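Participant: Please see the structure below; I have some questions.
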Amino acid sequence: MSATTVEIQDAQSRLAELVAEASSRHDDVILTDGGVPVAKLTPLPRPAAGPRIPGLQEGQFWMSDDFNAELPDSFWLGEEA
């Protein structure tokens with residue numbers, strides 16, 4: 001991942017372009033003031049490809065029968081069992 005660096009004065013007139021660049025290339029845009037970095041425009045994560053489908057992975061994992069069982073005091077006190 002690379003970052004584009006833009007002076008803040010230039011960014012004011014190019015904001016829409018910079019947002020489009022960040023989201024399409026999924027790269028950061030660093031805003032500078034006199035060559036000193038002052039802010040970063042970061043793209044948000046892309047949404048999932050589609051709706052979730054209940055039951056799609058049915059039978060692919062299991063949960064122990066004692067998953068919700070109470071833990072012994074030795075666990076909470078950090079003692080060897």
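Participant: Could you list, in sequence order, the residues of the stretch 13-24 that are assigned to a helix (DSSP H, G or I) and surrounded by 11 or more Cβ atoms within 10 Å (Cβ to Cβ)?
Facilitator: Passing the criteria: Leu15, Glu17, Leu18, Val19, Ala20, Glu21, Ala22, Ser23.
Participant: Taking the criterion of being part of a helix (DSSP H, G or I) and modelled with pLDDT of 90 or more, would at least one residue in the stretch 27-49 satisfy it? Steps first, answer last, please.
Facilitator: Step one: filter the stretch 27-49 for residues part of a helix (DSSP H, G or I), giving none.
No, the stretch 27-49 contains no residue that is part of a helix (DSSP H, G or I) and modelled with pLDDT of 90 or more.
Participant: Whether any residue in the stretch 50-63 is in a loop (DSSP other than H, G, I, E, B), of a type in the set (D, E, K, R), free of Cβ contacts under 8 Å to residues at least 12 places away in the same chain and loosely packed, with under 10 Cβ neighbours inside 10 Å is what I want to check.
Facilitator: There is at least one residue in the stretch 50-63 that is in a loop (DSSP other than H, G, I, E, B), of a type in the set (D, E, K, R), free of Cβ contacts under 8 Å to residues at least 12 places away in the same chain and loosely packed, with under 10 Cβ neighbours inside 10 Å.
The values are calculated or read from the model by the stated rules, or taken from the named source; none is laboratory data. If you're wondering where the values come from, they're calculated on a predicted model, not measured in any experiment. Methodologically, a virtual Cβ is constructed for each residue, glycine included, from the backbone with ideal geometry; neighbour enumeration extends over all protein chains shown.
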